[in-house]
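Peer 1: This is the structure I have questions about; it appears just below.
The values are calculated or read from the model by the stated rules, or taken from the named source; none is laboratory data. Owing to the predicted nature of the structure, the values given are computational and were not obtained by experimental measurement. No Cβ is skipped: glycine too gets one built from the backbone with ideal geometry, and neighbour counts run over all protein chains shown. SASA here: full protein model, heavy atoms, side chains in, ligands and nucleic acids out. Shrake-Rupley method; radii C 1.70, N 1.55, O 1.52, S 1.80 Å.
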Amino acid sequence: MAERESDTAAFSQEALTHLDTLYRGALRLTRDPDRAQDLVQDTYVRALRYQHSYQPGTNMKAWLFAIMRNLFWDRFKGGRQEDVSLDDLGDFALYDTLKDTSEIPETEVLNRIAAGEVVKAVEKLPPLHREVVLLVDVEGFSYKDAAQVLGIPIGTVMSRLHRARQQLQKQLYDYALESGIVPAERSA
Amino acid sequence: MKSMTCDECMQRLEQYVDRELTDAEVREVRLHLEFCPPCEERFSFQSGFKRLVKVCCEQEKAPAALREKLQKILF
């Protein structure tokens, strides 16, 4: 019994080291601080209940994320992972667009984009695309780990990621134009 | 070894930035980038973009009240 208690304590200790990460993920998914807190709390409650299914030494962050995104889809989307289609942006690439339309060095444009605008752009992505960006770009998951968390093939991770990044770049380009970071008169 | 073309290099852009290429593929890409400033510029822009998304989305911390509540639940 004492051994089981110390196992649970070690499990809880490790799980709590991922709290900030999970909270940020929950914020991006729900786009609401109260809902994010509820989602994280329920994730931990479920994790504790199913701790026997976690194999020590494996990727706990990925395991917790999988629990959280399943709860998110159950709760907020009625379990339906509907695929909202993204606008077809052809082969839009921010780098090429800036190269063609702006005299400001491309990387300098990135430096001038406000953090809040990037967060807004991420939160505007449809959830199925948003969660791939969260896992791979923000949390640094490999395609393989992201595929496991999301229950999709690696090829789908790659294609969603590509479309999501394109969408993000387009949104941030529009913002750069509107805010005058890129002079509008030179834009295509 | 025949070095890759710009097109072949660009096809590996996202996987390179995401560290998904094998060591051999990384070496091949780097060899190309070393001698191709236009490709090198694109690659560093794409890396910069990935970094921007990460840094901007990593700024919040969980509220103290949530942490306390979880500590009560977990311990």
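Peer 1: Residues of region A:140-169 losing 10 Å² or more of accessible area relative to the isolated chain, 1.4 Å probe, heavy atoms only?
Peer 2: Residues passing the criterion (a loss of at least 10 Å², heavy atoms only) are A:142, A:143, A:158, A:162, A:165, A:168, A:169.
Peer 1: Modelled label-to-label distance, residue A:75 and residue B:44, 7 Å Cα→beta-carbon offset: nm?
Peer 2: Placing both labels 7 Å along Cα→Cβ, they lie 4.4 nm apart.
Peer 1: Against the longest principal axis of chain A, how steep is helix A:33-49, in degrees 0 to 90 to the nearest 10, with axes from Cα atoms?
Peer 2: 40
Peer 1: Right, next: For the cross-link pairs A:170/B:54; A:99/B:54; A:144/B:72; A:144/B:69, which exceed 29 Å when the distance is taken from alpha carbon to alpha carbon?
Peer 2: Check vs 29 Å cut-off fails for A:144/B:72; A:144/B:69.
Peer 1: Subtract the Cα-Cα distance of residue A:41 and residue A:152 from 0.36 nm times their separation in residues, and report this length gain in nm to one decimal.
Peer 2: Length difference between fully extended and current span is 37.4 nm.
Peer 1: Over its Cα atoms, what ratio of radius of gyration to 2.2 N^0.38 Å does chain A give?
Peer 2: For chain A, the normalised Cα radius of gyration is 1.21.
Peer 1: Here's a follow-up. What does the charge dipole of the protein assembly as shown about its Cα centre add up to, to the nearest 20 debye, if the Cβ of each Lys and Arg holds +1 and the Cβ of each Asp and Glu holds -1?
Peer 2: Result for the protein assembly as shown is approximately 840 debye, rounded to the nearest 20.
Peer 1: Helix-only mean residue ellipticity at 222 nm, chain B, DSSP H runs n ≥ 4 weighted -39,500 (n - 2.57), per residue, nearest 500. What is it?
Peer 2: Calculated from helices alone, the mean residue ellipticity at 222 nm is -22000 deg cm²/dmol.
Peer 1: Report, in debye and to the nearest 20, how large the dipole of region A:1-143 comes out about its Cα centre when Lys and Arg carry +1 and Asp and Glu carry -1 on their Cβ.
Peer 2: 600
Peer 1: Can you tell me the orientation of helix A:19-30 relative to chain A, as the angle in degrees between its alpha-carbon axis and the longest Cα principal axis, to the nearest 10?
Peer 2: Roughly 60 degrees between the two axes.
Peer 1: Per DSSP H run of n ≥ 4, the term is -39500 (n - 2.57); total these for chain A, divide by its residue number, and report the mean residue ellipticity at 222 nm rounded to 500 deg cm²/dmol.
Peer 2: Result for chain A: -21500 deg cm²/dmol, rounded to the nearest 500.
Peer 1: Hey, another quick one. Measure off, as a whole percent, the carbon and sulfur share of the 1.4 Å-probe accessible area of the protein assembly as shown, all protein chains present.
Peer 2: Heavy-atom surface of the protein assembly as shown belonging to carbon and sulfur, 1.4 Å probe: 48 percent.
Peer 1: May I have the extent of the alpha carbons of region A:84-151 along their three principal axes, as whole Å values ordered from largest to smallest?
Peer 2: 43, 25, 21
Peer 1: Let me ask something else about it. Using alpha carbons only, what's the Rg to Rh ratio of chain B with Rh from Kirkwood?
Peer 2: Rg divided by Rh gives 1.32.
Peer 1: Enter the accessible area per residue of the protein assembly as shown (Å², integer; probe 1.4 Å; all protein chains in place).
Peer 2: Ligands and nucleic acids excluded, the result is 52 Å² per residue.
Peer 1: For q = 0.12 Å⁻¹, what log10 I(q)/I(0) does region A:115-176 give under the Debye formula with an equal point scatterer on each alpha carbon and no solvent?
Peer 2: -0.27
Peer 1: When only DSSP loop residues count, what chymotrypsin sites (Phe, Trp or Tyr not before Pro) in region B:1-55 have their Cβ near at most 11 other Cβ atoms within 10 Å?
Peer 2: Passing both the DSSP loop test and the Cβ count: no residue.
Peer 1: Still on this structure: Ignoring ligands, DNA and RNA, how much accessible area is buried between chains A and B, both sides summed, with a 1.4 Å probe, to the nearest 100 Å²?
Peer 2: What A and B bury together is about 3700 Å².
Peer 1: Run the numbers on chain B and let me know its relative contact order in percent, using alpha-carbon pairs under 8 Å that are six or more apart.
Peer 2: Worked out over chain B, it gives 31 percent.
Peer 1: Same structure, new question: Round to the nearest 10 and give me the degree value, 0 to 90, for the angle of helix B:37-56's Cα axis relative to the longest principal axis of chain B.
Peer 2: Its long axis makes an angle of about 0 degrees.
Peer 1: Same structure, new question: Once you sort the root eigenvalues of the Cα gyration tensor of region A:50-127 as a ≥ b ≥ c, which label holds: rounded (a/c under 1.5), prolate (a/b larger than b/c) or oblate (the other case)?
Peer 2: prolate
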